[in-house]
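The values are calculated or read from the model by the stated rules, or taken from the named source; none is laboratory data. Every value quoted in this text rests on a predicted model; they were computed, and no experiment measured them. Cβ: placed from backbone, ideal geometry, glycine included. Neighbour counts: every protein chain shown. SASA here: full protein model, heavy atoms, side chains in, ligands and nucleic acids out. Shrake-Rupley method; radii C 1.70, N 1.55, O 1.52, S 1.80 Å.
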Amino acid sequence: MANPINVVVTGAAGQIAYSLLYQLASGSVFGSEQSINLRLLDIAPMMGVLKGVIMELEDLALPIVKDILPTDDPNLAFKDADAVFLVGAMPRKQGMERKDLLAANIKIFKVQGEALDKYARKDVKVLVVGNPANTNALICSRYAPSIPKQNFTAMTRLDQNRAKAALATKIGVGVEKVQNVIIWGNHSSTQYPDAAHATVEVNGVTQPVSKIVNDDKWLSEDFVETIQKRGAAVIAARTMSSAMSAAKAAADHMRDWWFGTKPNEVVSMGVVSDGSYGIPKDIIFSFPVTIKNKQYAIVQGLDINSFARSKLDITAKELEEERTEASSVLQ
Ligand code: NAI
C-alpha cells in the first residue's frame, strides 16, 4: 500500500461529509491501494458531533484510513495537505439575503486560503463544495498566491450528474449510455446545462442526444430549467439540501482529477477562466474539461450557437457580480 496522503474535509460534522467520508475511507476516490490520513475540520461547537463521526469511521474497520485528526484550527487541518474538500460553509438562515450569505462565506474562505498558502503542499488539489462554491474558490485561491490558481476548483459535478440522469430517463436508457453533457458557469440557477454536445449509445451506436431526443423545445427549456432548479426541488421535498448525491459528485470530481478522464470523456468543473469561449478571465467558471496526469485542460473549439452564447453570458455576468461583491466585503 502506498504511503498515506493527507486528505482534508471541512464541514466534517455536516451532512455531505457524512456520506463523503465513507467513500474516502472505502477507497472509492483515491483507490483501495492508497492509504489516507483524514484531517477533519469543523467549528468548535461541532467537535462533539465530530467525535461521533470519528467513532463511526473507526467502526467501519476499513484498512486504508491510517490517522484521523479532528480540529477546529485550519492551520492544523491543512498541514501538508494533498487533497482538500472544502465542504463547510455558513448555511443560509431565514431572512438572510444572498449578499449576506456571500459575505459570511467569503470570510471563511479567505481564512482557509491563507492557511492553505502557509501549510498545504504546493501541488494540493482543492475542491470547493460549500456555496457560493465558484466565488468561494476564487477567494480561497486569491489568498493562497503560492499555490497555482489551477489547483482551486468548484463543484458542478452534481449538476452534471443530474443532467446525465435526466437525459437517460428521457431517452429510456441506462445513465452509463449518456456522455458529455456540459455544465457551463456558476453553480447556481444561472448555470447552463448544455446537451448540444452530449452523446447517447442506442443499440450499440453512439449518436447525438439532440437527434435521439428530437425535441429542441424540451432540451432548451424544460431540461435546462429542471437541472437549474433540481437543488431547490430536493430541498422542498427533503427539507434539507442534497447530501448523498453531493458527496458522490465530490468523489467523482476528485477521482477524475486524481486519475484522469477516460478517452473521449468530458467532465465539467468550475475552474479559473483563461478567457476560453469569450468568458471573462479571473472568475471560476464551469467548463468542459479533460484530465491527464492530474492536470485538466478546457475542451476547445465547441460550437456555441446564439442561444448558448446568451446563456453563457448570463451566468458569467452573475459570477462577475459575485466577484465585485466579494471584493467589496474584503476591502
Ligand atoms: P451542513 O450544514 O450539514 O454542514 C456544514 C458543516 O460546515 C457544519 O458542520 C458546519 O459546522 C461546518 N462549518 C461551518 N463553518 C465552518 C468553517 N468556518 N470551517 C469548517 N467547518 C465549518 O451542510 P451540508 O449539507 O453538508 O452542505 C455543505 C455546503 O455544501 C453548503 O454550503 C451547501 O450549500 C453546499 N452544497 C453544494 C453543492 C454543490 O453542488 N456545489 C451541492 C449541495 C450542497
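Springs join every pair of Cα atoms under 10 Å in this Gaussian network model of the chain, and among Leu102, Leu219, Leu302 the largest mean-square fluctuation is at Leu302. Between Leu76 and Val202, what FRET efficiency comes out of the Förster formula 1/(1 + (r/R0)^6) with R0 = 45 Å and r the beta carbon distance, rounded to 0.05? For Val202 and Leu76, the calculated efficiency is 0.30.
Using a probe of 1.4 angstrom and keeping all protein chains present, the accessible surface of the stretch 2-154 works out to 42 square angstrom per residue.
Shape of the stretch 63-213 from its Cα gyration tensor (a ≥ b ≥ c, root eigenvalues): rounded if a/c is under 1.5, otherwise prolate when a/b > b/c, or oblate? It is prolate, given that a/c is not under 1.5 and a/b is the larger ratio. Once you sort the root eigenvalues of the Cα gyration tensor of the stretch 143-201 as a ≥ b ≥ c, which label holds: rounded (a/c under 1.5), prolate (a/b larger than b/c) or oblate (the other case)? Verdict is prolate for the stretch 143-201.
From helices alone, the chain scores -13000 deg cm²/dmol at 222 nm; the rule is -39500 (n - 2.57) for each run of n ≥ 4 DSSP H residues, then divide by the residue total. One quarter of the surface of the convex hull around the alpha-carbon atoms of the chain equals 17.0 nm², the direction-averaged projected area. Nonpolar atom fraction for the chain, defined as the carbon and sulfur part of the 1.4 Å probe accessible area, stands at 53 percent.
Each Lys and Arg adds +1 at its Cβ and each Asp and Glu adds -1 at its Cβ; summed about the Cα centre, the chain shows a dipole of about 80 debye. The listed peptides 119-129, 40-50, ordered by packing as a protection proxy, come out as 119-129, 40-50 (highest mean of other Cβ atoms within 10 Å first).
Summarising the label geometry, the points placed 7 Å from Cα in the beta-carbon direction at Met1 and Tyr22 lie 2.0 nm from one another. If you take all other residues with their beta carbon under 14 Å from the beta carbon of Gln112, and give Lys and Arg +1 and Asp and Glu -1, the sum is +1.
Note on the chain: GNM, Cα springs under 10 Å; of Ala246, Ala165, Ala144, the largest mean-square fluctuation is that of Ala165. Projecting label points 7 angstrom from Cα along Cα→Cβ for Lys229 and Phe307 puts them 1.8 nm apart. Summing +1 for each Lys or Arg and -1 for each Asp or Glu, what net charge is found among the other residues whose Cβ lies under 14 Å from the Cβ of Asn6? Its environment carries a net charge of +2.
The stretch 142-221 and the stretch 278-314 have their alpha-carbon centroids 13 Å apart. When the chain is treated as a GNM with alpha-carbon contacts under 10 Å, the residue of Ser245, Ser141, Ser286 showing the greatest mean-square fluctuation is Ser245. Each label was represented as a point 7 Å from its Cα along the Cα-to-Cβ direction; for Glu58 and Ser328 these points are 5.0 nm apart.
Taking every lysine pair in the stretch 262-326 that is 8 or more places apart or spans two chains, those with Cα atoms closer than 21 Å amount to 4. Average accessible surface for the stretch 157-323: 46 Å² per residue, computed with a 1.4 Å probe over protein heavy atoms with every protein chain in place.
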